[in-house]
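Bear in mind that the values in this text are calculations on the coordinates, not laboratory data. None of the values given here were measured: they were computed from a predicted structure. Every residue, glycine as well, gets a Cβ built from its backbone with ideal geometry; the counts of neighbours run over all protein chains shown.
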Amino acid sequence: MNVVITGATKGMGRAMAELFAAKGANLAICARTQEDINNLRLELSNINSEVEILGQAADMSKKASVKEFADFIKESWDRVDVLINNAGVFIPCELANPENDSAFEMMMDTNLYSAYYMTQELLPLMLPNKSGHIFNICSIASFMPYGAYAVSKHAMLGFSKVLREEMKTKGIRVTAVMPGATRTASWDGTNLPDERFMKSEDVAEAVWGCYKLSPFTVVEELILRPQLGDI
Ligand code: NAP
């Protein structure tokens with residue numbers, strides 16, 4: 001099983017990489033920081049020495065970098081079984097302030113366009129097999145108006161719904177994952193106790209649960225919230 005995870009060195013991406021490696025999946029991972037990729041490759045090899053771990057630095061907010069990462073994967077693999085479009089950034093800002101233009105553009109590029117271009121690049125490695133699973137990591141902000149970030153995540157949910165329709169008859173499952181507040185680096189500096197958040201490991205377990213269903217069933221939307229509700 002060949003699994004691609006974008007933004008895999010921290011948080012949910014890392015938890016999913018660890019779980020899929022433990023389950024015996026070969027992994028292709030990226031993030032912007034090469035040192036973190038090197039460290040994660042070592043850690044994943046320690047979790048399971050039998051699996052192949054491909055890793056390359058890539059800035060998924062840039063179309064050219066998405067293509068370079070996809071080409072790097074295609075040099076080693078002629079099929080992909082799972083694509084997890086996870087790379088994302090949260091920058092708190094309001095739409096009405098023009099000073100936020102660059103932050104807004106960065107969120108749209110990282111949270112939406114990365115998934116759009118990566119999916120286009122890797123579908124040719126899935127379609128011939130008439131099987132595969134694409135997970136798009138959206139957010140509770142995909143249906144709640146939580147700042148300018150929510151625009152990118154609403155769009156990611158729309159992307160996921162349309163892709164699901166396009167893939168319905170092609171044997172490829174598409175799942176939109178909508179996690180609530182999860183204690184990752186995105187929340188560094190918060191005063192809230194860890195107990196107020198979900199754990200990345202639980203998101204990874206839920207994704208694995210969707211994946212391991214038979215090909216006759218797809219979880220189209222997966223909503224996960226902290227037990228005490230949104231923050
Ligand atoms: P995180 O802990 O902040 O980690 C983000 C990962 O993505 C890191 O490995 C980071 O590494 C990488 N990354 C960031 N920008 C990138 C880029 N332009 N190109 C390639 N890699 C990039 O994130 P997280 O909290 O686990 O969030 C993962 C996903 O879940 C995101 O899409 C986020 O929007 C979504 N989400 C998070 C929460 C939450 O409460 N944490 C809730 C709902 C949804 P580098 O910095 O080295 O690139």
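Listed residues MET16, MET12; which is touching a residue at least 12 places away in the same chain (Cβ under 8 Å) and over 23 Å from ASP78 (Cα atoms)?
MET12
Determine, yes or no, whether GLU50 is surrounded by fewer than 17 Cβ atoms within 10 Å (Cβ to Cβ), in a helix (DSSP H, G or I) and either touching an Asp or Glu at 6+ places or on another chain (Cβ under 8 Å) or on the phi < 0 side of the Ramachandran plot (or both).
no
Just to verify a result, which residue in segment 44-64, among those that are within 22 Å of SER102 (Cα to Cα) and among the aliphatic types (A, V, I, L, M), is nearest to the ligand (Cβ to nearest atom)?
In this case the residue turns out to be MET60.
If I filter segment 158-174 for residues that are within 12 Å of the ligand (Cβ to nearest atom), under 21 Å from TRP208 (Cβ atoms) and either in contact (Cβ under 8 Å) with a residue 12 or more places away in the chain or touching a His at 6+ places or on another chain (Cβ under 7 Å) (or both), do I get at least one hit?
no
Taking segment 108-151 only, how many residues are among the β-branched types (Val, Ile, Thr) and more than 10 Å from the ligand (Cβ to nearest atom)?
Counting residues in segment 108-151 that are among the β-branched types (Val, Ile, Thr) and more than 10 Å from the ligand (Cβ to nearest atom) gives 3.
Could you list, in sequence order, all residues of segment 175-189 that are among the β-branched types (Val, Ile, Thr), within 24 Å of LEU213 (Cα to Cα) and in contact (Cβ under 8 Å) with a residue 60 or more places away in the chain?
none
Can you tell which of SER65, SER61 is part of a loop (DSSP other than H, G, I, E, B), under 19 Å from the mean Cα position of the chain (by Cα) and closer than 23 Å to THR119 by Cβ?
The match here is SER61.
Of all residues in segment 19-38, which are touching a residue at least 12 places away in the same chain (Cβ under 8 Å), in a helix (DSSP H, G or I) and not small (Gly, Ala, Ser)?
Within segment 19-38, LEU19, PHE20, GLN34, ASP36, ILE37, ASN38 meet the criteria.
Can you tell me which residue among CYS93, CYS138 is in contact (Cβ under 8 Å) with a residue 24 or more places away in the chain, surrounded by fewer than 20 Cβ atoms within 10 Å (Cβ to Cβ) and not small (Gly, Ala, Ser)?
CYS93
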